[in-house]
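The values are calculated or read from the model by the stated rules, or taken from the named source; none is laboratory data. For clarity, every value in this text was computed on a predicted model and none was experimentally measured. Positions of Cβ are backbone-derived with ideal geometry, glycine not excepted, and every protein chain shown enters the neighbour counts. Just so you know, the surface numbers come from the protein's heavy atoms only, side chains and all, with ligands and any DNA or RNA stripped out. Shrake-Rupley method; radii C 1.70, N 1.55, O 1.52, S 1.80 Å.
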Amino acid sequence: MGLISFKAFPAKMGGQKGVADFYSSLAEMANVFLVLSRDNIIDNQSPFTVYPILQNQWMGLFYFLKIPRLVSFIHRHQIDLIIIEHSYFGWMGVLLQKLTGKPFVIHSHNIESERFKIAGLFWWRGYQVYEKWAHRRSKYIFYKCEEDAQYFLAMLGMKHPACSIIPYGTHASVLPTAVVIEDARKWLRARHQVTSNELLFLFNGTFDYAPNTDAVQIIIHTIIPVLRNKHIPFKIILCGNRINTTMKSALLSIPEIIWAGYVEDLDSYLRGVDAFIQPSVKATGIKTKLVEALANDLTVITTVSGARGLQQAYLKEKLIQVNDADINEFINKMILVKELKEVHTPPAFFEAFNWEQITSKAYLSLQQL
């Protein structure tokens with residue numbers, strides 16, 4: 001049984017896609033029941049059984065009233081194991097574990113207390129205490145990257161439960177062909193009136209998320225002025241959602257920026273540009289957008305912090321990492337990116353980041369519980 005206290009369906013953003021794809025893949029190996037908040041909208045053809053009885057997580061205090069109903073649900077459907085998405089409602093996992101004898105797993109997507117700290121929320125230290133408690137009480141933890149796992153292992157020491165890494169994945173198992181990529185490049189440049197001599201970059205994300213807003217500020221105030229002064233012809237496409245009117249107005253006033261809004265067919269954009277840029281140093285978890293970019297054979301230029309979870313040596317020049325403080329080197333890599341045109345994402349990438357591979361490993365871990 002997966003417990004999801006937030007809107008994950010329909011999956012439009014990186015974190016939502018990670019939840020939806022994980023359970024869709026897991027449902028091919030086991031009977032999956034999802035207890036959801038009522039704001040989720042799920043297709044009737046979904047491979048799992050849904051039970052939308054929860055309020056949105058901001059009404060989480062009322063979840064206590066659902067405990068008897070959930071205990072009955074667990075017994076009635078012979079649930080073997082409980083997975084809590086994020087640590088927010090780890091307390092429910094603890095209670096359900098005590099009342100039913102069924103182990104609970106935390107599926108950690110970020111270091112939430114650090115994410116709250118980055119966002120400037122004053123209560124992050126209190127959440128850190130709670131997060132530590134919830135992790136210690138779980139029977140098993142899935143992390144999105146090795147860096148997050150090491151953070152909690154250092155914090156909890158011998159009291160840390162068993163854990164493993166299940167990153168954000170891709171359904172692709174092979175790269176798009178050269179013909180598909182060339183067609184996407186032609187289509188994208190025609191759609192946004194970008195000339196053939198202009199370098200074309202992409203950044204996408206949810207624009208009310210601190211690391212993404214930080215990246216946008218770096219693009220606006222540092223990267224664009226430097227490229228202008230070097231007289232480099234370029235355009236940067238920004239796409240995503242949850243953008244406030246002030247930021248949107250600022251973007252629309254900059255001639256080198258193309259604001260594309262929310263893009264349904266993100267793959268065509270990833271295949272049509274010269275590189276994906278990730279200049280922010282604010283990060284926990286794994287950047288889902290970088291996995292999507294690499295799966296589409298797109299070169300990624302990122303800070304070292306932005307590459308969390310993607311430190312595989314085999315990515316080599318496909319994942320260009322620049323020291324966090326070296327923005328000038330970051331810009332130099334952008335200028336020289338076309339020289340790497342013949343470098344491709346290696347097959348080993350899909351062995352690590354294909355959903356079937358990821359979920360198979362996760363299922364083996366769950367079976368041990």
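Restricting the first member to region 119-140 and to residues that are farther than 18 Å from Ile84 by Cα, and the second to residues that are assigned to a helix (DSSP H, G or I), the beta-carbon pairs closer than 7 Å and six or more apart or on different chains are Ala119/Ala210; Trp124/Ser113; Trp124/Phe116; Trp124/Lys117. Is there a residue in region 82-104 that is of a type in the set (Val, Ile, Thr), modelled with pLDDT under 95 and in contact with a helix residue (DSSP H, G or I) (Cβ under 6 Å, 6 or more places away or on another chain)? Looking for residues that are of a type in the set (Val, Ile, Thr), modelled with pLDDT under 95 and in contact with a helix residue (DSSP H, G or I) (Cβ under 6 Å, 6 or more places away or on another chain), one finds none in region 82-104, hence no.
Just to be sure, is Ile243 within 19 Å of His192 (Cβ to Cβ), of a type in the set (A, V, I, L, M) and touching a residue at least 40 places away in the same chain (Cβ under 8 Å)? In short, no.
Looking only at residues of region 199-212 that are over 17 Å from Ala293 (Cβ atoms) and open to solvent by less than 40 Å² (accessible area, probe 1.4 Å), we find that the one that is modelled with the highest pLDDT is Phe207. For region 321-345, the set of residues classified as closer than 19 Å to Gly272 by Cα and open to solvent by 20 Å² or more (accessible area, probe 1.4 Å) consists of Lys333, Ile335, Leu336, Lys338, Glu339, Leu340, Lys341, Glu342, Val343, His344, listed by residue number.
Condition test on Ile232, is it surrounded by fewer than 23 Cβ atoms within 10 Å (Cβ to Cβ), of a type in the set (A, V, I, L, M) and assigned to a loop (DSSP other than H, G, I, E, B)? So Ile232 passes the test. Residues in region 8-45 that are open to solvent by less than 60 Å² (accessible area, probe 1.4 Å), without any contact (Cβ under 8 Å) to a residue 60 or more places away in the chain and over 29 Å from Asn212 (Cβ atoms): Ala27, Val32, Phe33, Val35. Apart from one condition, Lys282 fits all of (1) of a type outside the set (A, V, I, L, M); (2) in contact (Cβ under 8 Å) with a residue 40 or more places away in the chain; (3) part of a helix (DSSP H, G or I); (4) open to solvent by 10 Å² or more (accessible area, probe 1.4 Å); the exception is (3). Residues in region 241-275 that are modelled with pLDDT of 95 or more and in a strand (DSSP E or B) were compared, and the one that is most open to solvent (accessible area, probe 1.4 Å) is Trp259. Just so you know, in region 315-369 the residues that are assigned to a loop (DSSP other than H, G, I, E, B) and within 30 Å of Leu26 (Cα to Cα) include one that is nearest to the chain's Cα centre (by Cα), and it is Thr345.
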